[in-house]
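S.K.: I have a structure I would like to understand better, so I am pasting it below and will then ask my questions one at a time.
The values are calculated or read from the model by the stated rules, or taken from the named source; none is laboratory data. Small disclaimer: the values here were computed from a predicted structure and weren't measured. All Cβ positions, even for glycine, are placed from backbone atoms using ideal geometry, and neighbour counts span all protein chains on display.
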Amino acid sequence: MPGPKKVASTLDVFVLALVAEGTDTLYALKREAGLSVGATTPAIRRLARAGRLKRAGADNTRGRQPLAITDKGRRWVKTNSTELIRAGIRQPPKDLESVVRLAVLAMTTGHRAMVAPLLQAALAAHYPAKSPKRGTRSPIRTAAGTYHSVLAEWQRRVDLVKAKFLKDLAKLLLRPSGLR
């Protein structure tokens, strides 16, 4: 009896989508898309082992080996981008980077109508409309208490910035000209 279906990673689908549109070396994925070489290298290996990505020939003049998406990879992106975006709407990823990858995937794979619901779901799930109340102003008598209070305030402010970013991203991606 087969086990549960493995959900595709947003990074794997995103890397394939980028290679399909011409970002074709590990260096280009880092330079043009800002992807980490440390995270992208294992993704490229997984995709190549699965037959979704292949080396496109000899190293170029700078020693960078071009990548190409296979037909199997194109089909996989088409199928999995839809599933990933829907899953992201139902249960948004916890990290902002994955939310942004899904939003860009939606824009570039013909799922523009799913961008707003995705970003709204991420906002609702992780960045509530009302910011959490700050702690009481009682004096803090220990280093641990001070540290904990500072971290809580830092996280509250980070969450506010992330929420604003997602709202701005939704406006930017949904305008007629998109990012360009």
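S.K.: Got a number for residues in region 151-180 being modelled with pLDDT under 75 and of a type outside the set (S, T, N, Q)?
M.R.: Total satisfying the criteria: 3.
Residue-wise test of (1) outside any helix (DSSP H, G or I); (2) at pLDDT 90 or above.
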| position | (1), (2) |
| --- | --- |
| MET1 | yes, no |
| VAL7 | yes, no |
| ASP12 | no, yes |
| LEU16 | no, yes |
| LEU29 | no, yes |
| THR40 | no, yes |
| ALA43 | no, yes |
| ARG46 | no, yes |
| GLY51 | yes, yes |
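S.K.: Starting from region 114-129, keep only residues that are under 16 Å from LEU84 (Cα atoms), then list their pairs with residues that are not hydrophobic (A, V, I, L, M, F, W, C) whose Cβ atoms are within a distance under 6 Å, requiring at least 6 positions of separation or different chains.
M.R.: LEU118/GLY88; ALA121/PRO92; ALA122/PRO92
S.K.: Next up: In this structure, does ALA68 turn out to be touching a strand residue (DSSP E or B) at 6+ places or on another chain (Cβ under 6 Å), surrounded by fewer than 17 Cβ atoms within 10 Å (Cβ to Cβ) and at pLDDT 90 or above?
M.R.: Taking the combined requirement at face value, the residue satisfies it.
S.K.: Could you list, in sequence order, the residues of region 87-115 that are loosely packed, with under 15 Cβ neighbours inside 10 Å and on the phi < 0 side of the Ramachandran plot?
M.R.: ARG90, GLN91, LYS94, ASP95, ARG112, ALA113
So that you can scan it fast, the table gives a plain yes or no per residue for (1) at pLDDT 90 or above; (2) in a loop (DSSP other than H, G, I, E, B):
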{"site": "THR79", "(1), (2)": "no, no"}
{"site": "ARG86", "(1), (2)": "yes, no"}
{"site": "ILE89", "(1), (2)": "yes, no"}
{"site": "PRO132", "(1), (2)": "no, yes"}
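S.K.: I would also like to ask the following. Evaluate the following for ASP95: is it modelled with pLDDT under 95 and under 17 Å from the mean Cα position of the chain (by Cα)?
M.R.: yes
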